[in-house]
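Take a look at the structure below.
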Amino acid sequence: MMKKKVFILFLGLFLCCVASHAQDDLKSELHKRAEAIDAKKNVASARSMYIHAFNDYYNRGLIQKGVECAVKATSLYYNDHFWKEAFDLLRRADEIINGSQLSKADKAESHYMVTKERLQMYMKLRKPDSAKDQLNIMDSQVSQSGSDALKNDLLYNRAIYYYTFGMNAQGNAVFQEMAAKLTASKEYDKVDEVYKTLIANGRKSGNANMVAQSYSNYIAWKDSASALKHADEIAALKKQITDNESVIAEQDSSLTTRQVIIVSLCVLAAILAGILVIGGIVLMRFIMLTRKQQKTIRLANENNALKAKFISNISAQLEPTLQKLDNRQPEVKALLDFSNHIQTLSELENNPEEVALEDTQIASFCEGLMDQIRSKVKNGVNLVVNAPKMSASINREYVSHILLHLLNNAAIYTPADGKITLEFKKRGQHSHQFLVTDNGVGIPEEKREDVFKPFLEIRDLTKGDGLGLPICKQMALKMKGDLEIDPQYVKGTRFVLDLHA
């Protein structure tokens, strides 16, 4: 009786421990609410909810799950160019891990998640030395954790680092090492998934070099993997034949039994031959299709380059003739402007040189730009400049062109007694923003992506050629920044010019 009570007591304690552990593995309500928010439409709310979930996990002592939420919130910070806030949140996560009761291996694994996110930020900021430091830290953390999964993940991130900064040979070597490990263990599907993930990440980040290198390596591996798979299938079938022969030797030696087994082996051999023939045909078709696709891509790239050069040449050849016409006529002036815009857009897209920066007093610079549109606005329009008295390194020519274009558009579409605002905000040590806001009719949501794309529709050139914003977008990209429409602002239109010194 006593033994039975003791058994029941231990059973109860065991079930309580299991239940407690299962609850720890469940996501909290705040975590679920954060994941339910569409970060593309409401990034601020999603970020805030992940931070709440992080704090909640920390208060409950669930450090590793808290770190997952902190890392997610960090990515939502720096995707919005809030670099300082992102680095501060990761620093706090590291401090919490250090002060926790986790084991040494679990601490190393949690620190690895934080350092990996910091690596992503430095790669986005194009800082190879800082990114390399994070890789070295991750290497130490992997050693402390003893996790094979983290070892493979480190190889994957090391390859991305090399491809991101144009070190293709090193990237190929690291990625081939990872592919070789998985191939040796016959995990072909995992290798295939890793290559596809790398290609998708390259496309998502706009890293053409990474996509090209990954695709080339993927094709080479695919060819070798197909051969390995067929070799494995042949080996398996040969083994099956050997096993069948052993079974035959152990079976009854009667003629009928032997005949049945011989027929079976003949059928199996025929199936094997059929599989080999079909496999060979499929492999040859895949190789031919791949080569054809590579040739098509190469021809398409060459054609695009020739088209751009041809359009630029046409524009340059037309300009002397147009200059002889009466530019007081709206049609002639529109053609001249269109020709100049095409040349400008072509030069921006094909000129690889970096733009020069100069130290500029922001307050007086912004006031000067606003003064240039005072005579163009409607009655009662309030012009507001909100810029601190500080200096920043910018390219005055490109920034002036972009902001004047945006301010002139705002002057056209802002009604009488409306408001136009030009703001400057410092977002980090080397990043800042110019914002142009009006309370006009606004741009429909379905057209916001298209306003930055040239030649989407046939237009009456006397009413504008639609190349102004595409030119501004290219100028922003040349300065290693970007020009976008703020989707959260709905009382008119707000353009955001992001710049990184």
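The values are calculated or read from the model by the stated rules, or taken from the named source; none is laboratory data. Remember, predicted model here, so these are calculated numbers, not experimental data. With ideal geometry, Cβ positions are generated from the backbone for all residues, glycine too; neighbour counts draw on all protein chains shown. Keep in mind that these areas ignore ligands, DNA and RNA; they rest on the heavy atoms of the full protein, side chains included. Shrake-Rupley method; radii C 1.70, N 1.55, O 1.52, S 1.80 Å.
Observations
- Selection from the stretch 407-425 of residues that are buried (at least 17 other Cβ atoms within 10 Å of the Cβ), among the aliphatic types (A, V, I, L, M) and not in a helix (DSSP H, G or I): 420, 422
- Residue list for the stretch 255-281, restricted to those being closer than 30 Å to residue 218 by Cα, touching a residue at least 12 places away in the same chain (Cβ under 8 Å) and among the aliphatic types (A, V, I, L, M): 272, 275, 276
- Residue check for residue 133: within 27 Å of residue 430 (Cα to Cα), at pLDDT 75 or above and surrounded by 14 or more Cβ atoms within 10 Å (Cβ to Cβ): yes
- Selected residue (criterion: most open to solvent (accessible area, probe 1.4 Å)) from residues of the stretch 372-398 that are under 12 Å from residue 411 (Cα atoms) and not hydrophobic (A, V, I, L, M, F, W, C): 379
- Failed criterion for residue 455 (all others in (1) in a strand (DSSP E or B); (2) among the aromatic types (Phe, Trp, Tyr); (3) at pLDDT below 90 hold): (1)
- Residue 140 vs. criteria closer than 22 Å to residue 429 by Cβ, hydroxyl-bearing (Ser, Thr, Tyr) and open to solvent by 30 Å² or more (accessible area, probe 1.4 Å): no
- Among the residues of the stretch 382-396, the one identified as under 32 Å from the mean Cα position of the chain (by Cα) and β-branched (Val, Ile, Thr) is 394.
- Count of the stretch 380-403 residues which are part of a helix (DSSP H, G or I), closer than 19 Å to residue 425 by Cβ and not β-branched (Val, Ile, Thr): 4
- Within the set 358, 347, 354, 331, the sole residue that is at pLDDT below 70, surrounded by fewer than 15 Cβ atoms within 10 Å (Cβ to Cβ), farther than 20 Å from residue 496 by Cβ and among the acidic types (Asp, Glu) turns out to be 331.
- Contact map, the stretch 189-215: residues that are part of a helix (DSSP H, G or I) paired with residues that are basic (Lys, Arg) and modelled with pLDDT of 75 or more, Cβ distance under 7 Å, separation 6+ or inter-chain. Pairs shown: 211/203.
- Any pair with Cβ under 9 angstrom, 6 or more apart, that starts in the stretch 394-423 at a residue that is at positive phi and ends at one that is open to solvent by less than 30 Å² (accessible area, probe 1.4 Å): 417/381
- Annotation: residue 168 fulfils all but one of (1) in contact with a Lys or Arg (Cβ under 8 Å, 6 or more places away or on another chain); (2) open to solvent by 30 Å² or more (accessible area, probe 1.4 Å); the unmet one is (1).
- Residues in the stretch 27-42 that are of a type in the set (A, V, I, L, M) and part of a helix (DSSP H, G or I): 30, 34, 36.
- Qualifying residue in the stretch 143-165 (condition: over 26 Å from residue 93 (Cα atoms), outside any helix (DSSP H, G or I) and either modelled with pLDDT of 85 or more or open to solvent by less than 20 Å² (accessible area, probe 1.4 Å) (or both)): yes
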